[in-house]
Each structure stands twice: as structure tokens, then as C-alpha cells.
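This report concerns only the one structure given below.
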Amino acid sequence: MISSSRLSLHNTSNLPTTLLLKKSWPPALSDEYASSSIDELSPTYEEIKRQVENVGDILIRIVTWNQQAREPPSPEDLAKHLFQSRRYHIIVVGTQECENTFAKSILNPSKAKWEERLEAALGTDFDAVHSHSLQASHIIIFAHKAIAHWVSNIRSVAIPTGIGDKLGNKGGIGMSMNVADSSFCFINVHLAAHQHATNRRTSEFKKISNEMVTKMCNRQPSLSQTSVSSHSVDELECVNFEENLMDDGDILPNPSHIHSNLRCDDDMRTDAGPTTNPLIDAYDYVFYFGDLNFRINGTREVVDGMLENHMHDALLCNDQLTMLMRFNRIFSGFGEGPLNFFPTYKFDNNSDHYDSSQRRRVPSWTDRILFKKDSRTQILSYCSSAIRTSDHRPVYATFRCRLDFDDGSKVYDKPCWELRRETRSE
């Protein structure tokens, strides 16, 4: 149920005068802002390894970027904007519309050119562990050579959610591995587009989560698995709630009232069934990222006005994914860093101006990085990059994770893969 005190988003005259006063935008958790929390790695591999063994912490960098099938910048620019030198033990890069459009990727799914550019940007300190592509989407993991010998049990799988659940124009690619005795799962997704497709995106999120657990862990998911073409109450967590909440043209009048104004009839906190995403219990660490395509509810005119007046709280209150993470159990167990960067979609070519085409898409935080909420996971940075080659801005996050080590009986001498190769899902 939704409180009846909602405001139409068709013109700014419906907004209270207090909301139209220009506010200060909160500082983004950028690399510069977080620099004091992210130290450079030690100068030698042996020292890096010893420090991880003594403290148990590793730094993981995750980048997601919809490249719009455009030529990416040079390795030097990638390193400058996305990969600080000597900061990370693990680097994971997920891309959508990578190298080619979906149609061209059917004939040429290889992402070798992009991988070569990444390897050049990262330099000789990193080994490419594994990569996997699903038509135009791609994920690759790099491990610092000082800790690469701790990486084992690598698996990957792709889940298409395009037409008939067969086409890979939309879907997810998951990659799991162990680092020492801790298990990690990284999932790069490209979910359904368009402002009103919230239910479809939610269904795809659930399908990908369930099938990742089934195929990579050889276990049945705890939440019932359904095709994205069908909907159930369990899957969509109160259809009436979501349909009312996600309609364009509605805005909550006071962001601070989100808890009191919104109520789900089938509360996810009841004992009616499992209350977390199945991936949460399957791995020690889970990172779910990509072009999730969730939008900000509103018309272009009002969202532009909110951005101009730095109405961050109101924008966040009307972000579809933020609301779903509060009320839909398929998102339960996931957290996200502060959305203190500006919306990452959709930009005009090589500019900082939002879509000026006839369609004038509503600026939105489509590109996100979620993580399993856990006391051993600390987010250090979460921000967008200034790279302008695509209509999406790249988004990056840095995490500190605490590794588990066994009693010392296991000997790690060499990387546990013989020769990395790219996996392609047609």
C-alpha cells in the first residue's frame, strides 16, 4: 500500500517550495575521497603475500561499464580513471555492449581486443584468472601475482534472459572462485531496459540468482525458480505495491517518510518463506553488478529540476532499485555503497549533458554494484568515472575483505589454473 499523499511528476509546480531550494550534493565516495583508507601495496610480492597472511585482508576492485559498443579509451586512460596503481589484490571488470553490438557479437563474440587493453592498463603485476562472455556482455578477473597462487576452484556460467530466455542480449555471467579458504562469487548482468520494465528486471534478477546457485553450486535455490515470462507473488513481492510504486509521474513528497509511507502487505520479514537471496548463503562473499537498468521514477523535466537543485534525497527516494532493496526479498541480504555520484545514464556522445535526443531518457542510476552485507566486508570507494566514450559512465567500487586460511596443511605454490582461456556462451 502507498500513502495517498503523493505528488505528480508532470511539472515542478507540484513540488513543495521547500523541495525546490537548492541543496548541497553529498560528496561521492571517490578514489580521491577514500585515498586515506586505501594504502599502496608493498613494493615486493613477498611482502604483499606476508602482509595478507598476517592481517588477512585483501582489496578487491570492481568495475562495471556499458560501453555502448564504442571504442574504449587507451590503456593509459583506463589506468588513470579506473585502476589506481598498486592498490588492489583482485580486479574484476564487467562490461555490457562490449566491443560490438549484440547483433555483431552473435557472429564475433570474442572480447580479445578488450582483454588485451585491460592487460596493458594493469601491467605485469596481474595474472588474468578467467574470462567469460555472453554475446555482448563480458566478465574478467585478474589476481595480483603475489596472491594468485591462493586462487582455486574457478567456475563460470552464463544465464541468458533475452527473448524466450535463449538470447544473450540480456542476462548474467557468474564467476566463482576460492581465494585461500574463502569463497567468492562475482555476477555481471545486463537487465531489461525501459522505464516501466521494473517487474521484468526483478524477474531477471531472481532467475539469474537462482540459476547461478543451481549451476555453480550444484544445489537447489531456496527461493522458487520461475521463468522471467511468468510472475508470482513470491517473485514480485506484492505486485500491487510495485505497480503503484514504479509508475512514472509519482514522487514521494518527503524522502524521510519512506518507511512510514510505504508498506508491503506480504511483509518479507514474515516467516512465510526464506528472507534472503539464495546467493547469500552459497558464498562467503557475493558481488552483483552491471547495467541493472533500474530507473528514477519521474518525468524528464522534474528529474532535471531535481538534479539542478541538488535534491539528492528526493532522487534517491524515487530510485527503483533503492525501493526494491527495502521491500523485495530477492534483494534481501545485499547492500550498496552511497549513491553520491550523479546518475550514470544517459549521456550525449562525449559530453556531460544528459540525453538531448527526441526520446530524452530520464537520467538514472542504471549502473550499480551490490554486495553481500557482512561484517567482514568494508566498502572503501563507490563512484562513477569521468570517461565519456559511452552513453553510460563506468562505475567502480573498492572493497576490503577478510580471508579465511586453513590450519596451514594446504600448500599454495602455483596458480591453480593451467592456462587461462576465455569462455564464450553463444
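General observations
- Length available on full extension from Gln378 to Ser152: 0.36 nm per residue minus the Cα-Cα distance, which gives 79.0 nm.
- Computed from backbone phi with θ = phi - 60° and the Karplus coefficients 6.51, -1.76 and 1.60, the 3J(HN,Hα) list for the range 130-145 is 6, 9, 8, 10, 10, 6, 8, 9, 7, 9, 9, 10, 10, 10, 4, 4 Hz; x is used for glycine and proline.
- In sequence order, calculated HN-Hα J values of the range 278-293 (Karplus, 6.51, -1.76, 1.60; Hz; x Gly/Pro): x, 5, 4, 8, 8, 9, 5, 10, 10, 10, 10, 8, x, 8, 6, 6
- Placing a pseudo-label 7 Å from each Cα along the Cα-to-Cβ vector at Glu308 and His194 gives an inter-label distance of 3.0 nm.
- Amide H contacts of Leu403: Asp57, Ile58, each under 5 Å away and 5 or more positions distant or on a separate chain (H built 1.01 Å from N in the peptide plane; Pro and chain starts excluded).
- Across the range 63-102, the residues whose backbone nitrogen lies under 14 Å from the label position 7 Å along the beta-carbon direction of Leu167 are 101-102.
- Protein-only accessible surface at a 1.4 angstrom probe places the residues Val395, Val157 in the order Val157, Val395, largest first.
- Near the amide H of Val129, within less than 5 Å, lie the amide hydrogens of Ile141, Phe142, Ala143, all on another chain or at least 5 residues away, with H placed in the peptide plane.
- On the beta carbon distance between Lys145 and Ser24, with R0 = 45 Å, the FRET formula returns roughly 0.55.
- Sorting the segments 39-51, 371-383 by their residues' average number of neighbouring beta-carbon atoms within 10 angstrom, most packed first, yields 371-383, 39-51.
- Label-point gap, in nm, between Asn349 and Glu119 - each point 7 angstrom along Cα→Cβ: 3.1 nm
- Computed accessible area, Met306, all protein chains, 1.4 angstrom probe, square angstrom: 10 Å²
- The overall shape of the range 100-187 is oblate: from the C-alpha gyration tensor, with semi-axes ordered a ≥ b ≥ c, the ratio a/c is 1.5 or greater and a/b is no larger than b/c.
- Links that overshoot a 26 Å alpha carbon limit, given the list Lys170/Lys346; Lys23/Lys373; Lys104/Lys346; Lys80/Lys373; Lys80/Lys145: Lys23/Lys373; Lys80/Lys373
- Near the amide H of Arg368, within less than 5 Å, lie the amide hydrogens of Gly290, Leu292, all on another chain or at least 5 residues away, with H placed in the peptide plane.
- Full-stretch length increase - Val55, Ser74 - with 0.36 nm per residue and alpha-carbon distance subtracted: 3.3 nm
- Accessible area of the range 83-194 divided out per residue, in Å², using a probe of 1.4 angstrom: 30 Å²
- Residue-wise HN-Hα coupling along the range 346-351, computed from phi with Karplus coefficients 6.51, -1.76, 1.60 (Hz; x: Gly, Pro): 10, 9, 5, 4, 6, 8
- Residue ranking by accessible heavy-atom surface, 1.4 Å probe, largest first, among Arg368, Arg200, Arg300 comes out as Arg200, Arg300, Arg368.
- Among the chymotrypsin sites (Phe, Trp or Tyr not before Pro) in the range 99-206, none is located in a DSSP loop while being surrounded by at most 10 other Cβ atoms within 10 Å of its own Cβ.
The values are calculated or read from the model by the stated rules, or taken from the named source; none is laboratory data. Since we're looking at a predicted model, the values are computed, not measured. Using ideal geometry, Cβ is built from the backbone for each residue, glycine included, and neighbour counts are taken over all protein chains shown. Areas reflect the complete protein model, heavy atoms only, side chains present, ligands, DNA and RNA absent. Shrake-Rupley method; radii C 1.70, N 1.55, O 1.52, S 1.80 Å.
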